[in-house]
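K.L.:
Take a look at the following structure, please.
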Amino acid sequence: MKIENHWLSDDGNVNFEFETPNTGGEFPAGRPDTLVIHFTGGSSAESSARHLCKPSSRASAHAVIGRDGLIYQLAPFNTITWHAGRSTWKDRSGLNHYAIGIELDNAGQLEPNGNGQYSAWFGRKFTQEDVFFGVHRNQSAPTAWHAYSETQIQRVLDLCALLIEYYGIRDILGHEEIAPLRKVDPGPAFPLDRLRARFFGETRDLDGEAEWGSPRDRAIVDTERLNIRSGPGVSYPTVSEPILRGATVRTLENRNGWAEVECVTRGWVSSQYLKYPD
Ligand SMILES: [Zn+2]
């Protein structure tokens, strides 16, 4: 993949079917210098791309990345699009005038509805394997989020690398950081701090965030009902209802056959009932 004249080259992984009219002219000299990451909160990359091209939606972005890695480029990267809305970061406001907007097809925050199922706001049901449990940087308790696909995250990484080089991008921000009272995207399922650490060597707080690649610390509950306790041993009280078979948990620490894990809640479980992929 390459950028030529502010468009991605067509290497079979880019779709140019949709071009948005919702633009604000060319960026001034020296910009864009920032990338802003979003989730669509929609049902498919294509439907989101269509939506962002409707004049009536009064919203747009430069690219939408599907769960299969397909990138829909909706506008040339040197053109202002309308993805950030009212937003501020450090001494800047109105980040649309500084930033390329990248939307990821993702259903967003999910509601548990019992039976191990989770619903998106538009009604689609997800099972636990599609769910990432984590604490949002602007919230205090862990909740359920639609997990991004590995292919999708890899494409984001490739696209960011390309844009950083082509435009001299200096920062990558989440919509949730520049509009914290209005927005929760891309949410804790997206490894935003890791992305920044990788490109800019920053080490902001990496706690509670999704991992790159196939993480060693993600485990599957391998027993019918797994007690979760406030400490590493059976003498500690349980902190919530048991976790059910098949649930994905994130391991934070291992101690004497116990693992501190994070799922909907956080606490200690007996390590023998965790199964680590590969
Ligand atoms: Zn957004």
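K.L.:
Given the chain, what percent of its DSSP beta bridges are antiparallel, to the nearest 5?
P.N.:
Values: 40 of 55 bridges.
So the antiparallel bridges in the chain amount to around 75 percent.
K.L.:
Could you tell me what percent of the accessible area of the chain is made up of carbon and sulfur, with a 1.4 Å probe and every protein chain present? Don't jump to the answer; show the numbers that get you there.
P.N.:
Details: 6050 of 12930 Å².
Solvent-exposed carbon and sulfur of the chain make up 47 percent of the total.
K.L.:
While we're on this one: Please list, by residue number, every one of the trypsin sites (Lys or Arg not before Pro) in region 67-141 that is coil in DSSP and has at most 10 other beta-carbon atoms within 10 Å. Kindly include the intermediate steps, with their values, before the conclusion.
P.N.:
Details: sites: ARG67, ARG86, LYS90, ARG92, ARG124, LYS125, ARG137; in loops: ARG67, ARG86, LYS90, ARG124, ARG137.
Here the sparse-neighbourhood loop sites are LYS90.
K.L.:
Does region 218-275 come out rounded, prolate or oblate by the C-alpha gyration tensor, with a ≥ b ≥ c the root eigenvalues, rounded set by a/c under 1.5 and, if not, prolate when a/b is larger than b/c and oblate if not? Show your work: numbers first, answer last.
P.N.:
Values: a/c = 1.41, a/b = 1.19, b/c = 1.19.
The shape class here is rounded.
K.L.:
Continuing with the same structure: How do VAL249, VAL135 rank by accessible surface area computed with a 1.4 Å probe, from largest to smallest? Please list the in-between numbers first.
P.N.:
Details: VAL249 5, VAL135 45 Å².
Largest to smallest exposure gives the sequence VAL135, VAL249.
K.L.:
How high is the relative contact order of the chain? Use alpha-carbon pairs under 8 Å, at least six apart in sequence, and give a whole percent.
P.N.:
After rounding, I find 16 percent.
K.L.:
Just the C-alpha atoms of the chain: what Rg/Rh do they give, with Rh taken as the Kirkwood radius? Spell out each step's value before the answer.
P.N.:
On the way: Rg = 19.9 Å, Rh = 19.7 Å.
Result: Rg/Rh = 1.01.
K.L.:
Here is a follow-up. Excluding ligands, DNA and RNA, what is the solvent-accessible area per residue of region 218-275 at a probe of 1.4 Å, expressed in Å²?
P.N.:
On the way: 3040 Å² over 58 residues.
Ligands and nucleic acids excluded, the figure is 52 Å² per residue.
K.L.:
So which lysines can LYS183 reach, going by Cα to Cα under 16 Å and dropping same-chain residues fewer than 8 places off?
P.N.:
Output for LYS183: empty list, no partners.
K.L.:
Report the one residue of THR151, LEU8, ILE80 whose Cα lies farthest in the direction of the positive end of the charge dipole of the chain (charges on C-beta: Lys and Arg +1, Asp and Glu -1; origin at the Cα centre).
P.N.:
ILE80
K.L.:
If I fit a long axis through the Cα atoms of helix 150-167 and take the longest principal axis of the Cα atoms of the chain, what angle between them do I get, 0 to 90°, rounded to 10?
P.N.:
Computed tilt is about 40 degrees.
The values are calculated or read from the model by the stated rules, or taken from the named source; none is laboratory data. Computed from a predicted structure; not experimentally measured. Note that we place each Cβ from the backbone using ideal geometry, even for glycine, and neighbour counts take in every protein chain shown. Ligands, DNA and RNA are excluded from the accessible area calculation, which covers all protein heavy atoms including side chains. Shrake-Rupley method; radii C 1.70, N 1.55, O 1.52, S 1.80 Å.
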